[in-house]
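The values are calculated or read from the model by the stated rules, or taken from the named source; none is laboratory data. Everything numeric here is computed off the predicted structure, so don't read it as measured data. Positions of Cβ are generated from backbone atoms using ideal geometry, with glycine treated the same way; all protein chains shown enter the neighbour counts.
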Amino acid sequence: MSSPLLVTITFSHYCEKARWTLDRAGIPYRESGHLPAFHALAVRRAGGRRSAPSLITDEGAINDSTDIARWADRRAPEANLYGKTEVERREIEALEDHFDEDLGPHTRRWVYFYMLPDSDLVKRLSAMQPAPALEKRLLPIFFPVVRVGMRKAMRITADGAERSLGKIERMFEEIGKKVEDGRPFLVGDALTMADITFASLAAVVLAPPEYGAPLCSLDALPAEATSRMRAWQETPAGKFVARVFRDWRRARA
């Protein structure tokens, strides 16, 4: 069996979840990283649909970060991605779905709301990515069109960003209460998909240095966003994410 190919938007938090999952499971893979919009063609060419992450395996394409995690769990059960008991598995799966649906779309929309108006910021961030040079040259040219498409697809408006802010605040409060007793993991006594999913999807508003691709510097964002993100870093949930990244995010060899 050849190593699977992971097609990503390099700085996407769902793609970080997929990378971290495969790394944790010890499954060798190749990554084909791309910039937003350009990723769709790369995914289709590789045999997937349009969205990233997409894992291209000998068995076909897997087009969702959670499906990638379930695939990895079947191939590396010793990694205990979903815990050590059926009770733990049910709790981890429920938390993973909760974070996928109620956190990931909102951290993405909130941070893009502040990033997209600044074309120079997007250009600088794109230039830092491990993505094809041609995409880096073309994105500034096509960015006005790409920006319109992203705003429409993710409903990035002032009202939408405000709703997402509330969702993030409530999620951080919920997880903060869960970890305020000092527990090292959300479920059980080892790192699982509950921890990987929460940490990955929260990371774009916390900017941990161990993240698997360059993220936007906090100081590059508007002061309002920077202040909010620094405050989140100091919450119990934010500190939990920082510790999980520091202790458990390992780059693959």
Restricting attention to helices (runs of 4 or more DSSP H) lying wholly within region 116-218, give those where 1 or more residues are outside the structural domain of Ile68 (by TED's automatic domain parsing), more than 30 Å from Lys84 (Cα to Cα) and not aromatic (Phe, Trp, Tyr).
-> 119-127, 133-154, 158-179
Quick one: which of Glu93, Glu16 is out of contact with any strand residue (DSSP E or B) (no Cβ under 8 Å at 6 or more places or on another chain), among the charged types (D, E, K, R), assigned by TED's automatic domain parsing to the domain that holds Ala131 and modelled with pLDDT of 95 or more?
-> Glu93
When you look at Val179, is it over 14 Å from Phe113 (Cα atoms), in contact with a helix residue (DSSP H, G or I) (Cβ under 6 Å, 6 or more places away or on another chain), touching a residue at least 60 places away in the same chain (Cβ under 8 Å) and crowded, with 16+ Cβ neighbours inside 10 Å, yes or no?
-> yes
In region 187-202, is there at least one residue being touching a Leu at 6+ places or on another chain (Cβ under 8 Å) and surrounded by fewer than 19 Cβ atoms within 10 Å (Cβ to Cβ)?
-> no
Given Glu234, Glu224, which one is out of contact with any Ser or Thr (no Cβ under 7 Å at 6 or more places or on another chain) and under 28 Å from Lys123 (Cβ atoms)?
-> Glu224
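Specify the residue that is farthest from Ala79 (Cα to Cα); the eligible residues are those in region 200-218 that are in contact with an Asp or Glu (Cβ under 9 Å, 6 or more places away or on another chain) and among the aliphatic types (A, V, I, L, M).
Val204
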Among the listed residues Leu121, Leu138, Leu95, which satisfies the condition of being in contact (Cβ under 8 Å) with a residue 24 or more places away in the chain, crowded, with 17+ Cβ neighbours inside 10 Å, touching a helix residue (DSSP H, G or I) at 6+ places or on another chain (Cβ under 8 Å) and over 26 Å from Leu22 (Cα atoms)?
-> Leu121
Which residue pairs have Cβ atoms closer than 7 Å, lie 6 or more positions apart in sequence or on different chains, and pair a first residue in region 43-57 that is among the polar types (S, T, N, Q) with a second residue that is surrounded by 14 or more Cβ atoms within 10 Å (Cβ to Cβ) and in a loop (DSSP other than H, G, I, E, B)?
-> Ser51/Asn63; Ser54/Gly48; Ser54/Asn63; Thr57/Pro4
Within region 222-253, work out how many residues are surrounded by 20 or more Cβ atoms within 10 Å (Cβ to Cβ) and not in a helix (DSSP H, G or I).
-> 1
Residue pairs within 7 Å by beta carbon, gap of at least six or interchain, first lying in region 63-88 and in the same structural domain as Glu101 (by TED's automatic domain parsing) and farther than 28 Å from His39 by Cβ, second at pLDDT below 95 and assigned to a helix (DSSP H, G or I), listed first then second, are none
